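The values are calculated or read from the model by the stated rules, or taken from the named source; none is laboratory data. Values in this document were obtained by computation on a predicted structure and should not be read as measured data. Note that each Cβ is placed from the backbone with ideal geometry, even for glycine, and that neighbours are counted across all protein chains shown.
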Amino acid sequence: MQDLPRSGRPSKLSSKDKENIALLIENDPDATIEEITERSGLHVSERLVGNEARSQGYRSFIARRQEGLSPIHQMKRLTWAHQMSSWEVSDWRKCIFTDETTYSSSGHQGGPRRVRRKAGTGNQERYQDKQQHSNRFSTGLYAAITFGYHTPLVYIRQRKPSERTSPGDRLGLNSQQFVHEVLEPYLLPFLQKLPSQREEYLLAEDGLGVHRSILTTNFYHSQHIMKLNWPPKSPDMNPIENVWHMLKLRLKRRFRNKKPRTVDEVMKVAGEEWEGLDWDRIYRMIDGMPRRIKALIEKEGARTKY
C-alpha cells in the first residue's frame, strides 16, 4: 500500500494564533516583530512570527509623511544648491554642522516612522507619520561636528513648569535655555579647540525658532559666529542627520533586551556610543558634501538619497 504524500511540516501556529498575530499588528502598526512575538505569549521564534506576518500580507513600510516638499521649498533648495555648487572640499571643512534630536525610551525615534501594514493601505491615517511625540520619556540631544572635530553629546533638559513663560509654553527648548545651557557651555569651548579662528568657520543649522530668535542672533553676533544660509526642509543636506541615525542604531542594540528607565541611563550609554562612532567615516561624509549638492541639483530640489 503506497503512502499518501504529506502536505508539509505541521504549522506551529494554530488558526487562533495567526488571528492573534494579525490583531496585534492591526492594533499597533509601529510594533516590531520582536514586540509582537513577546505580546503574543507564544513560545515561538521571532522568525516564525515574521514569516506569518508576511504570509498574511503585512510588510514594514516607512510611514507616509502628511507634509512633503512644497514647490517653493523645492525651488529654494535648488537655488541654494546652485549657489553652493562652487564650494570645494576645503570650503566644507570650514563648516560646522549642528542639530538637535530626541531619543525616545519607547524605541521609536525621531527618524522616519516605520509601520507594519498591508500593501495599498498607506493612505489610511493610522499608517501616516504625524510626527507626534511618544507618550514615554524622551531625551533631547544636541551636537556640533566639523571636519576632524566634534562636541561631546549634549543633554537638553526638559524645562520645569515653574519656568513656563506663558500659558501656551510647552516647556520645550527656548532661546534662553539654548544660549545659556547649550551654546555658552558647549559650542564656545568647541570653537576654541578648532585650528583656525572662529571667523573662518560658518555655522550650519536649520530654521528652528530658537536658532533664529533675537537672543540667539545677538549671541552669535557678540561671539563673531557667522552662519551659513541654509535651505528649508533640508535634513538630507546635513551630515549630522546621518550621525544621529548611526547613534540611534547603536542605542537600539544596547537597549534591545532592556529599555532604559531614566534619562541618566540613556545619557551614560549614549555618551559612550557617541564617542565610539566611526568618526573617520563621519568626517568623510563632510568631504562628500559636493556630491550631496550635485545630487540636489540633479533632483531639481527634490529629496535626495541622503
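Just to be sure, is LEU249 exposed (fewer than 14 other Cβ atoms within 10 Å of the Cβ) and of a type in the set (A, V, I, L, M)?
Judged against the criteria, LEU249 is a match.
Whether any residue in region 171-188 is free of Cβ contacts under 8 Å to residues at least 12 places away in the same chain, assigned by TED's automatic domain parsing to the domain that holds VAL89 and either loosely packed, with under 13 Cβ neighbours inside 10 Å or in contact with a Cys (Cβ under 6 Å, 6 or more places away or on another chain) (or both) is what I want to check.
yes
How many residues does region 232-246 contain that are touching a Lys or Arg at 6+ places or on another chain (Cβ under 7 Å) and not in a loop (DSSP other than H, G, I, E, B)?
2
Please tell me if THR98 is polar (S, T, N, Q), under 30 Å from VAL210 (Cβ atoms), outside any helix (DSSP H, G or I) and modelled with pLDDT of 90 or more.
Here the answer is yes, as THR98 does meet what is asked.
May I ask you to list the residues in region 276-305 that are free of Cβ contacts under 8 Å to residues at least 24 places away in the same chain and assigned to a helix (DSSP H, G or I)?
Those that are free of Cβ contacts under 8 Å to residues at least 24 places away in the same chain and assigned to a helix (DSSP H, G or I): ASP280, ARG281, ARG284, ARG291, ALA295, GLU298.
Go through TYR142, TYR149 for me and flag whichever is closer than 19 Å to ILE286 by Cα and touching an Asp or Glu at 6+ places or on another chain (Cβ under 7 Å).
On inspection, the qualifying residue turns out to be TYR142.
When residues of region 254-268 are filtered for being over 22 Å from GLU35 (Cα atoms) and of a type in the set (A, V, I, L, M), how many remain?
Residues meeting the conditions: 2.
Residues to consider are ASN257, ASN229; find the one that is without any contact (Cβ under 8 Å) to a residue 24 or more places away in the chain, in the same structural domain as LEU173 (by TED's automatic domain parsing) and not in a helix (DSSP H, G or I).
ASN257 is the lone residue from the list that is without any contact (Cβ under 8 Å) to a residue 24 or more places away in the chain, in the same structural domain as LEU173 (by TED's automatic domain parsing) and not in a helix (DSSP H, G or I).
If you go through region 293-302 one residue at a time, do you hit one that is crowded, with 21+ Cβ neighbours inside 10 Å and touching a strand residue (DSSP E or B) at 6+ places or on another chain (Cβ under 9 Å)?
no
Before we move on, is ILE72 more than 27 Å from the chain's Cα centre (by Cα), at pLDDT 90 or above, outside any strand (DSSP E or B) and not acidic (Asp, Glu)?
Here the answer is no, as ILE72 does not meet what is asked.
In region 231-254, is there at least one residue being more than 18 Å from the chain's Cα centre (by Cα) and on the phi < 0 side of the Ramachandran plot?
yes
Quickly run through region 260-274 and pick out the residues that are assigned to a helix (DSSP H, G or I) and touching a residue at least 60 places away in the same chain (Cβ under 8 Å).
Once the filter is applied, which keeps residues that are assigned to a helix (DSSP H, G or I) and touching a residue at least 60 places away in the same chain (Cβ under 8 Å), region 260-274 yields VAL263, VAL266, MET267, ALA270, GLY271, TRP274.
Please tell me if TYR283 is surrounded by 13 or more Cβ atoms within 10 Å (Cβ to Cβ) and more than 21 Å from the chain's Cα centre (by Cα).
no
Can you spot a residue in region 183-195 that is more than 23 Å from LYS233 (Cα to Cα), assigned to a loop (DSSP other than H, G, I, E, B) and at pLDDT 90 or above?
The answer is yes; a qualifying residue exists.
Which members of region 196-213 meet the condition of being over 27 Å from the mean Cα position of the chain (by Cα) and either touching a residue at least 40 places away in the same chain (Cβ under 8 Å) or closer than 23 Å to PRO231 by Cβ (or both)?
SER196, GLU200
Quick one: how many residues across region 159-186 are under 30 Å from TRP92 (Cα atoms), out of contact with any Ser or Thr (no Cβ under 7 Å at 6 or more places or on another chain) and hydrophobic (A, V, I, L, M, F, W, C)?
The qualifying residues number 3.
Counting only residues that are at pLDDT 90 or above and exposed (fewer than 12 other Cβ atoms within 10 Å of the Cβ), how many does region 1-14 have?
Qualifying residue count, region 1-14: 1.
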